[in-house]
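Visitor: Please see the structure below; I have some questions.
The values are calculated or read from the model by the stated rules, or taken from the named source; none is laboratory data. Just so we're clear, the structure is a prediction, and the values are computed from it rather than from any experiment. We place every Cβ from the backbone using ideal geometry, glycine too, and count neighbours over all the protein chains shown. Quick note on the areas: whole protein, heavy atoms, side chains included, nothing else; ligands and nucleic acids left out. Shrake-Rupley method; radii C 1.70, N 1.55, O 1.52, S 1.80 Å.
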Amino acid sequence: MQIYMPTNVYSENNCVMNHSKELAVLGSKALLVTGRHSSQANGSLEDVKHALQEEGTAYVIFDKIEENPSIETVMQARELGIQENVDFVVGIGGGSPMDAAKAIALMIANPREDERILYEACELGCLPVAEVPTTAGTGSEVTPYAILTIHARRTKQSISHRIYPALALIDSRYLKTESLNTLINTTVDALAHLIESYLNTNANSYNRMYSEKGLRLFAEIKDDLLQCRRFGGEPKQTLSDDVFDQLMQMSATAGMAITHTSTSLPHGLSYPVTYEMGVPHGKAVGIFLPGFLKFYQGKEDVRLALGQMCFAGVQDFTEYLDELLGKVEISDDLWKKDVEMIMGNQAKLKNYPFAMDEETLYKFRR
Ligand code: NAP
Ligand code: FE
């Protein structure tokens, strides 16, 4: 058994300002990588700028990261980073800017290489990365993964390099500007990480601690989320500060879980659905969770996982998720391509502890 969790994680209100020194020590000039709007609205970008100013550390901002970031955008940000001579990268936002920050840090550290190195298995240097999450879903602030959109292949894939953030600064107050749909979709992503890590070939009793803790956190807030869906207003009007804290903790814990095991079939199946239909990541993954649990061969493990979440069985879980997420219709054509793609994806299949066949996989669509 092995456990390795190298990221220095702080989680508290005012986290960025409280740990400005740990941030500034990463280099002399930072590239701040963020999306177009949300980090300005929720105060996270301002906090990072302020923290760096306090420490007398220079920075430059790249704020054009799109959802499901593409290789092209990563390369555009790399140009700015090289031109500005930055020596560390700070990702601020949801999983998209945080993942992009890792890939950008790798590309800046290897200025003579082109984008092909992202998907080549080779040893490469990388600039230090700090992450400031503003969604509670991906856990990218603690994972070594960076998932990019590959337009040439009409899908998404994690880059071949493991880039552990040096520092994660987690402040749940940034979640309060989230829309109901973003909050729910991202929570389901974290839930999928916990489940796919628990029911994984690489799971062992050390790394399962993360999933168990995260699933219990989910059990505590799952009724609040459903109330929020039923009420339909802004999450900040319905959820308490404690629930926002628990969501952030659940997401980071889920990130620690998949750091050790990676994800499994629901994630693999979700990527073409996101690419072709524009379904947000967490919602696309959530479509496949009930089928994954229903047809999983290790029934006792499924019972244990559902027990941690306080669900009586798969049916109970499915009804909950249907109400929380809503349903998505996937066309026969896309579904056929999706199943074929997964059956050819050894990296994902090997994380499933049993043999998987096409016939069973077809049943995952509801
Ligand atoms: P996201 O794509 O980063 O952001 C989704 C939307 O939410 C964007 O419009 C963003 O706006 C907005 N947003 C972010 N924070 C907000 C806030 N606090 N208030 C209001 N709006 C906010 O969403 P995500 O689900 O966090 O990340 C998904 C990506 O992460 C996918 O590419 C997925 O494949 C990847 N992922 C990575 C890992 C990993 O281990 N590295 C794991 C799972 C998923 P702006 O664009 O204006 O910022
Ligand atoms: Fe995910």
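Visitor: Within the range 329-365, which GluC sites (Glu not before Pro) sit in a loop by DSSP and count at most 11 neighbouring Cβ atoms inside 10 Å? List each step's numbers first, then the result.
Guide: Details: sites: 329, 340, 358, 359; in loops: 329.
Within the range 329-365, the qualifying GluC sites (Glu not before Pro) (loop, at most 11 other Cβ atoms within 10 Å) are 329.
Visitor: Would you mind telling me the share, in percent, of accessible area of the chain contributed by carbon and sulfur at probe 1.4 angstrom?
Guide: 47 percent
Visitor: Follow-up question, since we're still on this one. Among DSSP beta bridges lying fully in the range 8-173, give the percent that are antiparallel, nearest 5.
Guide: 15 percent
Visitor: If you don't mind, there's one more thing I want to ask. Kindly express, to the nearest 10 degrees and within the range 0 to 90, the angle between helix 44-54's C-alpha long axis and the longest C-alpha principal axis of the chain.
Guide: 30 degrees
Visitor: If I fit a long axis through the Cα atoms of helix 95-109 and take the longest principal axis of the Cα atoms of the chain, what angle between them do I get, 0 to 90°, rounded to 10?
Guide: Here the helix axis deviates by roughly 50 degrees.
Visitor: Arrange the peptides 140-149, 217-226 so that the one whose residues have, on average, the most other Cβ atoms within 10 Å appears first. Could you put the intermediate results ahead of the total?
Guide: Working: 140-149: 25.7, 217-226: 17.7.
Ranked by mean Cβ neighbours within 10 Å, highest first: 140-149, 217-226.
Visitor: Within 10 Å, count the other beta carbons around each residue, average over each peptide in 182-192, 116-126, and list them highest first.
Guide: 182-192, 116-126
Visitor: Still on this structure, please answer the following. What relative contact order, as a whole-number percentage, does the range 117-269 give when Cα pairs under 8 Å and 6 or more residues apart are counted?
Guide: 32 percent.
Visitor: When the dipole is taken about the Cα centre of the range 8-173, and only Lys, Arg (+1) and Asp, Glu (-1) are charged at their Cβ, what size is it in debye, to the nearest 20?
Guide: Details: 14 positive and 22 negative charges, 72 e Å.
The dipole of the range 8-173 has a size of about 340 debye.
Visitor: What is the dipole size for the chain, taken about its Cα centre, with +1 at each Lys and Arg Cβ and -1 at each Asp and Glu Cβ, in debye to the nearest 20?
Guide: So the dipole magnitude of the chain works out to roughly 520 debye.
Visitor: Residue 352's amide H: which non-local residues (gap 5+, or another chain) put their own amide H closer than 5 Å, with H modeled 1.01 Å from N in plane and none for Pro or chain starts?
Guide: Here 201 satisfy the definition.
Visitor: Classify the range 179-362 as rounded, prolate or oblate from the Cα gyration tensor: take a ≥ b ≥ c as the square roots of its eigenvalues, call it rounded if a/c is under 1.5, otherwise prolate when a/b beats b/c and oblate if not.
Guide: oblate
Visitor: Pull up the DSSP beta bridges for the chain and report the antiparallel fraction as a percent, rounded to 5.
Guide: So the antiparallel bridges in the chain amount to around 15 percent.
Visitor: If you don't mind, another one. How large is ³J(HN,Hα), in whole Hz, for each residue of the range 14-28 in order, when computed from phi with the Karplus curve 6.51 cos²θ - 1.76 cosθ + 1.60 and θ = phi - 60°, using x for Gly and Pro?
Guide: Each residue of the range 14-28 in turn: 6, 4, 5, 5, 4, 10, 4, 5, 4, 6, 5, 5, 6, x, 10 Hz.
Visitor: Given charges of +1 on the Cβ of Lys and Arg and -1 on the Cβ of Asp and Glu, with all other atoms neutral, how large is the dipole of the range 179-362 about its Cα centre, in debye to the nearest 20?
Guide: 340 debye
Visitor: With a Förster radius of 35 Å, plug the Cβ-Cβ distance of residue 329 and residue 58 into 1/(1 + (r/R0)^6) and report the FRET value to the nearest 0.05. Mind dumping the intermediate values first?
Guide: Numbers: r = 50 Å, r/R0 = 1.42.
E(calc), rounded to 0.05, equals 0.10.
Visitor: What accessible area per residue, rounded to a whole number of Å², is obtained for the range 157-311 using a probe radius of 1.4 Å?
Guide: 33 Å²
Visitor: Relative to the first principal axis of the alpha-carbon coordinates of the chain, what is the inclination of helix 314-325, with its axis defined by its Cα atoms, in degrees from 0 to 90 and to the nearest 10?
Guide: On a 0 to 90 degree scale, this one is about 50.
Visitor: With n ≥ 4 as the cut-off for DSSP H runs, can you work out [θ] at 222 nm for the chain, using -39500 (n - 2.57) per run divided by the number of residues, rounded to the nearest 500?
Guide: It comes out at -15500 deg cm²/dmol, rounded to the nearest 500.
Visitor: Which links in 213/299; 21/236; 102/336; 21/102; 156/327 stretch past 27 Å when you go from one Cα to the other? Spell out each step's value before the answer.
Guide: On the way: 213/299 20 Å; 21/236 31 Å; 102/336 33 Å; 21/102 21 Å; 156/327 22 Å.
Exceeds cut-off: 21/236; 102/336.
Visitor: Can you run phi through the Karplus equation (6.51, -1.76, 1.60; θ = phi - 60°) for the range 328-339 and list ³J(HN,Hα) in whole Hz, with x for Gly and Pro?
Guide: Whole-Hz 3J(HN,Hα) from phi for the range 328-339: 10, 8, 9, 5, 4, 5, 5, 5, 5, 5, 4, 4.
Visitor: Right, another one. Counting only residues 5 or more places away or on other chains, whose amide H sits under 5 Å from the amide H of residue 90 once H atoms are built in the peptide plane?
Guide: Long-range HN contacts for residue 90: 31, 32, 33, 130.
Visitor: Projecting each Cα onto the charge dipole of the chain (Lys/Arg +1, Asp/Glu -1 at the beta carbon, about the Cα centre), which of 62, 25, 221 comes out farthest on the positive side?
Guide: Of the candidates, 221 comes out farthest on the positive side.
Visitor: Projected onto the charge dipole of the range 179-362 (+1 at Lys/Arg Cβ, -1 at Asp/Glu Cβ, origin at the Cα centre), which of 253, 305, 293 gives the Cα projection farthest towards the positive end?
Guide: Ranked along the dipole, the leading option is 253.
Visitor: From the residues 324, 136, 109, which one has its Cα farthest along the dipole of the chain in the positive direction, the dipole being from +1 and -1 charges on Cβ of Lys/Arg and Asp/Glu about the Cα centre?
Guide: 324
Visitor: Quote the relative contact order of the chain in percent (integer), defining contacts as alpha-carbon pairs under 8 Å separated by 6+ residues.
Guide: Computed over the chain, the figure is 16 percent.
Visitor: Suppose each label sits 7 Å from its Cα in the direction of the beta carbon; what would the residue 310-residue 219 distance come out to in nanometres?
Guide: Placing both labels 7 Å along Cα→Cβ, they lie 0.8 nm apart.
Visitor: What relative contact order, as a whole-number percentage, does the range 8-173 give when Cα pairs under 8 Å and 6 or more residues apart are counted?
Guide: Working: 365 pairs, mean separation 46.3, N = 166.
Contact order relative to length: 28 percent.
Visitor: Would any residue of the range 255-271 have its amide N under 15 Å from a label point 7 Å out along Cα→Cβ of residue 357? List them or say none.
Guide: Output list for this probe position: empty.
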